[in-house]
Amino acid sequence: MSEGTMQRRAERDRGARRAKRLHRVLVGAAAVPVMLIAAGCSSDSGSNSGSSAAGKGADGGASASASVSAAPTVQAAAYKSLPESCGVLSAKTLKSLVPEASKSGKKGTSEAGTRGSCSWSSLDNNGVKGSQFRWLNVSLLRFESDTSRGTGEAQAQKYYQQQIQDAQSVAGAKGTKSQAVAGTGDVATLVRYDLKKKEGAFRQQTVVTRVENVVVTVDYNGAGLAGDKAPGADALAKLAEKAAKEVVTSVSAANGEGGSGAAPSTAPSKSASPSASTSKAPSKSPSKAPSKSASPSKSTAKTS
């Protein structure tokens, strides 16, 4: 082989080796961006997932917090119990209002801690000189706070106004008058009128008072029968007011309070929490009025 041929072959081999090296360099360079792109995609995906999860977590927490804060609440009722209806007046007070009545009284419709009533009838028979008749009825109704009906105090105030309206609209009543009564509960009203029946002319005094979430209604009337003169309306009114004040005192005492019968409107709540009062509300709603006493037209022993 000639020298020139050998030289050309050596040059071809060197060219082939340079081409192979260049090919490896280009392939390696091309692989680097692909790896970087893959790593970037993987990093973004993880970041987005984390952000999404964090966002969902934050939204979920906010929703839960909003749900808790939006739960309905109502202020607990101040008074949790009622005294025994036939024991709300002292023997001395009963003697002045219904002197010939039994001290035990006649218990009406009642529901422990929610409602109660008691009545007393007195007939002082003086023979041919006539007779003096007196009738007294005390009713109590306590309202519990409820998320659907509102606070016990608000319900009691509504019922208080209803009782006044009922007393003012008695059929056949003559000379109906209403006036505020001071020093008895949080608010009190006296409604008075004359009512003529076949037994005689009855002079009716109704005192309605609200103390916290309890409404007290005192019905008191008197009549002169068989020719005896009718009792004075003012004297009857004073006695009815005295009885109402004493009943309010009994209600306060039954709930751990003393006092003169005028419970302060700023008295603190006796319940630990609103939720507790709602869960312990009686199964029967106390929003219904207690049963009414017998009409005076039925007998001289039962009047309203």
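The values are calculated or read from the model by the stated rules, or taken from the named source; none is laboratory data. Keep in mind the model is a prediction, meaning the values are calculated, not measured. Don't worry about glycine lacking a Cβ; one is built from the backbone with ideal geometry, like all the others, and counts go over all protein chains shown. Side chains included, ligands, DNA and RNA excluded: accessible areas come from the protein's heavy atoms. Shrake-Rupley method; radii C 1.70, N 1.55, O 1.52, S 1.80 Å.
At pLDDT below 95 and either open to solvent by 70 Å² or more (accessible area, probe 1.4 Å) or in contact with a Ser or Thr (Cβ under 6 Å, 6 or more places away or on another chain) (or both) - does that describe any residue in the stretch 132-148? Within the stretch 132-148, one or more residues are at pLDDT below 95 and either open to solvent by 70 Å² or more (accessible area, probe 1.4 Å) or in contact with a Ser or Thr (Cβ under 6 Å, 6 or more places away or on another chain) (or both).
If I ask for residues that are part of a strand (DSSP E or B) and open to solvent by less than 50 Å² (accessible area, probe 1.4 Å), which ones from the stretch 202-213 would you list?
Filtering the stretch 202-213 down to residues part of a strand (DSSP E or B) leaves 202-211.
Across the stretch 202-213, the qualifying residues are F202, Q204, Q205, T206, V207, V208, T209, R210, V211.
Conditions: (1) touching a Pro at 6+ places or on another chain (Cβ under 7 Å); (2) among the basic types (K, R); (3) open to solvent by 20 Å² or more (accessible area, probe 1.4 Å). K92 meets all but one. Number of the miss? K92 satisfies every listed condition except (1). Annotation for the stretch 96-108: no member residue is open to solvent by less than 60 Å² (accessible area, probe 1.4 Å), within 25 Å of G256 (Cβ to Cβ) and of a type in the set (V, I, T). The strands (runs of 3 or more DSSP E) falling completely within the stretch 85-200 that include 1 or more residues that are touching a Gly at 6+ places or on another chain (Cβ under 6 Å), farther than 19 Å from N213 by Cα and not small (G, A, S) map to 115-125, 131-142, 187-197. Examine the stretch 191-199 for a residue that is of a type outside the set (F, W, Y) and in contact with an Asp or Glu (Cβ under 7 Å, 6 or more places away or on another chain), and state whether such a residue exists. No; the residues of the stretch 191-199 include none that is of a type outside the set (F, W, Y) and in contact with an Asp or Glu (Cβ under 7 Å, 6 or more places away or on another chain). When the stretch 224-242 is limited to residues that are in a helix (DSSP H, G or I) and among the aliphatic types (A, V, I, L, M), the one that is nearest to K197 (Cα to Cα) turns out to be A233.
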